[in-house]
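Just so it is clear, none of the values below were taken in a lab; they were calculated from the coordinates. Quantities reported herein were computed from a predicted structural model and do not represent experimental measurements. Here the Cβ is made from the backbone with ideal geometry for all residues, glycine too, and neighbour counts use every protein chain on show.
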Amino acid sequence: MMMDIDTDPPPRQFDQVAINDNDVRNIVLSYLVHNCFKETAESFIACTGMKQPADFPVGIDKRKPIFHFALEGNALKAIELTEQLAHNLLEENKDLHFDLLGLHFVELVCSRKCTEALEFAQNKLTPFGKVHKYVEKLEDFMALLAYEEPEKSPMFHLLTQEYRQHVADSLNRAILAHANQPSYSAMERLIQQATLVRQCLHQDFGKDGAPFCLKAFLKS
Amino acid sequence: MGGVEDDEPPSKRVKVSSTGVRSFSGSLSLSEPVTSFQGESMARPLPFEGGEEMVGSKQVIKKVEFVRIITKALYSLGYEKSGALLEEESGIPLHSSVVSLFRQQVLDGNWDESVSTLGKIGLLDENIIKSASFLILEHKFFELLGKEKVMDALKTLRSEIAPLSINNSRLHELSSCIVSPSQCTSLGFSIQDTLGSGSRIKLLDKLQKLLPPTVMIPERRLEHLVEQALNVQLEACFFHNSLDSAMSLYTDHHCGKDQIPSQTLQVLHAHRDEVWFLQFSHNGKYLASASNDGSAIIWEVNESRVALRHTLSGHQKAVLTVSWSPDDSQILTCGMEEVIRRWDVNSGECLHVYEKAGLGLISCGWFPDGKRVFSGMSDKSICMWALDGKELECWKGQRTLKISDMAISNDGNQILSMCRETAILLIDREAKVERLIEEGQTITSFSLSKDNKFLLVNLINQEIHLWCIDGDLRLIAKYKGHKRTTMDLQVYIWHRSTEELLEALPGHSGAVNCVSWNPVNPHMLASGSDDRTIRIWGLNRVNLKRKDAYSNGVIRHCNGGT
């Protein structure tokens, strides 16, 4: 019978697992580099005396502006820089390309430039509509045009920071993948795996307590 | 100009409103006595107090509604002048002036005005106003798109349609239409159509369905009411056994029990052994009988008399069943585990013999196109031939049983045959799907209705089951026979919906094996028996002569009915 990992009295099973400090630092650095925190990463490297990763800081320097343009909704600039950095990346990632163009459309709608938005949609977005899987998304974008206050429409999620973050993340991952680098940082992977394992354990052996929740774990 | 001239003496004028006024129970204030019709008095609407004016013997019909429905019917039939005249004479307008204005604005395409007029029509709740406005503005939107005024259409969408805040999914669909005109067609709006005048009329139709019927009378309301009444008469007609075209508006429809064949008109003695199968031709002009004596006979039907036309000899075994070609010019006969013969009805000549080496055939049928025939075999397979004898298809395996019933649907697609003692197989040739009707008892025979939607199944325990085979297979009715201790010698007639026995006809001196109704003359029935005779049944002439009263709203209870 598996004991409850968090609340059981010591000695607990996982206490026996040895941790290498270097590994921890690499994990932290991978997170910083993945998300383009250039200055923080430089600081961290200096403080810990670690070895710089292979393409540091060139890789970050290239990705960071793209990531930030996408995050602020300046999709056209992001696209331009991406084309310069990785020539046929967007052609190979049509979904991503569509999402980026959609971002620009949303910007136009938000700035109430309806005529421009309509023209942009007709020229750039509707060609995607020939493929079935884009049709629904296209409808969602077009629906924004119907509202004088798009923030109050049912499609308002397309205008949020979270959505932009999502698109920017996807772009970032695609660029990393294109350069044959891992598209997920080690930190993310580890957290995902740990969560999954905890959930399985809870299902198989857990008592009546709540299933594993990362947030709760971090607060405890 | 139609109508009566004004200088004619009043007594010659049609007294239109007299019945209406006489049945009015409230008090009237009139300047002239009611029963004298002079000058314009008929045209003035009668003021009344204490409730609405009613017409009809039961005082349930509101006069205003009655007149408006008639007016609407006149306009629908194309009698514009009569419609207008009725509105004037009765003083009851078809539409209030507001509604007339509204309709005109819609037809003229004055969208914004029509929306504001909509608000002025009383009796409308807010939701209806919004839905109607949505319909109108949507049409405006499509017309703008049709004229390629895209920005105007977008403006309408944003500033007029969206604020209504109803039907968001439709709103989004309209949005998509701006960039992709093909979306419009998928929504049912051809851009071409919106530019024609017909589309605005269609819009009015849609609006009329949305608005309460007091505001705009529904199309064909009068016709609908009359059809309802006819339906009620039909359903109340317990012994209904006549063609639907016999219904008239002049008198209530009512079949007496005397509409059911109950008298033997003829006894046909031509067969030398048991009569096993009977079938009238599709056009009702011929009757075919099949007998254990190895022959089939074609009889000619002349009004109510039946006379022998041809004797078809040639089979070496008993003739199990016959099948008329779709055009009745030819007939198939099937010998018991033997061959199928095709005959020309006119000459009585045998045109072809179909057989399969080593196998006996036990049933036969035609394909609806009249160019192919099929047959069930003693090895339980089914075979299909072209008329010239060329074998076309063969379905092997557990398809049939040694019972001769088979049927094929009108489109040639479904084949029904016995596949077990207690089951009927339905093969869908196109979809390559097979379905099964299973019974708890042995099935003795079955027959397919003309519209191919129903199947009547006879069971060995004297029950008859009615199945619906259109869509999911389901049992709809069961008709139970009487308890008998001896072999049955009567013909039974059942009411299809109430499952009650209508008539039992004695007469045969042997078991009754088969019956057939004349498809063209519902008053003629033929039955075949082990006593070697065929009996032709018809209406009881004596009772018929007594039925000359015309009914007008009198409800009758039939003898022996419920």
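Each eigenvalue of the Cα gyration tensor of region A:56-106, multiplied by 5 and square-rooted, gives one semi-axis; in descending order these are 18, 14, 7 Å.
Tally Lys and Arg at +1 and Asp and Glu at -1 over the other residues with C-beta under 10 Å from the C-beta of B:Asn413: what net charge comes out?
-2
Note down, for chain A, the three equivalent ellipsoid semi-axes (square root of 5 times each alpha carbon gyration tensor eigenvalue), biggest first, whole angstrom.
That gives 40, 25, 15 Å for the three semi-axes.
Approximating the spin labels as points 7 Å out from Cα along Cα→Cβ, the B:Leu359-to-A:Glu72 distance works out to 8.4 nm. Database remark: amide H of B:Leu268 closer than 5 angstrom to the amide H of B:Ile534, B:Arg535, B:Ile536 (H placed geometrically; neighbours at sequence offset of 5 or more, or on other chains; Pro and chain starts carry no H).
In straight-distance terms, cross-link reach from A:Lys133 covers every one of the lysines whose alpha-carbon lies under 19 Å from its own, apart from those fewer than eight places away in the same chain; here that gives A:Lys94, A:Lys124. Calculated FRET efficiency, A:Phe44 to A:Glu116, Cβ-Cβ distance, R0 = 56 Å: about 0.80 to the nearest 0.05. The phi torsions of region B:418-431, fed into the Karplus equation with coefficients 6.51, -1.76 and 1.60 and a -60° offset, translate into couplings of 5, 10, 8, 4, 10, 9, 10, 9, 10, 9, 9, 5, 6, 7 Hz, rounded to whole numbers, with Gly and Pro shown as x.
Report the relative contact order of chain A, percent, no decimals, based on alpha-carbon pairs under 8 angstrom and at least 6 residues apart.
That works out to 22 percent.
Local charge for A:Asp61 was computed over the other residues whose Cβ lies under 13 Å away, with Lys and Arg +1 and Asp and Glu -1, and equals +1. Our summary gives region B:343-401 a relative contact order of 23 percent, counting only alpha carbon pairs under 8 angstrom and 6 or more residues apart.
Averaging Cα coordinates gives a centre for region A:132-181 and one for region B:57-75; these two points are 59 Å apart.
Computed over neighbours whose Cβ is under 11 Å from that of A:Leu81, the net charge equals +2, Lys and Arg +1, Asp and Glu -1. Sequence neighbours fewer than 8 away in the same chain don't count; with that in mind, list the lysines whose C-alpha is under 20 Å from B:Lys317. Straight-distance partners of B:Lys317: B:Lys356, B:Lys380, B:Lys402.
Give me the extension gain from B:Glu235 to B:Asn110: residue separation times 0.36 nm, minus the current Cα-Cα distance, reported in nm with one decimal.
Full extension of this stretch gives 40.2 nm more.
Given their separation in residues at 0.36 nm each and the Cα-Cα distance between them, B:Ile201 and B:Glu463 gain 88.8 nm when the chain is fully extended.
Of all lysines in the structure, those lying under 30 Å Cα to Cα from A:Lys219, and not within fewer than 8 positions of it along the same chain, are A:Lys38, A:Lys207. With a Förster radius of 35 Å applied to the beta-carbon distance between B:Ser347 and B:Ala511, the computed FRET efficiency rounds to 0.55.
Fewest to most neighbouring Cβ within 10 Å: what's the order for A:Ser220, B:Ser176, B:Ser90?
A:Ser220, B:Ser90, B:Ser176
The stretch between B:Leu436 and B:Asp273, if pulled fully straight at 0.36 nm per residue, gains 55.2 nm over its current Cα-Cα span. Toward the positive end of the charge dipole of region A:54-184, with +1 on the Cβ of Lys and Arg and -1 on the Cβ of Asp and Glu, the farthest Cα among A:Ala70, A:Cys110, A:Gln122 is that of A:Ala70.
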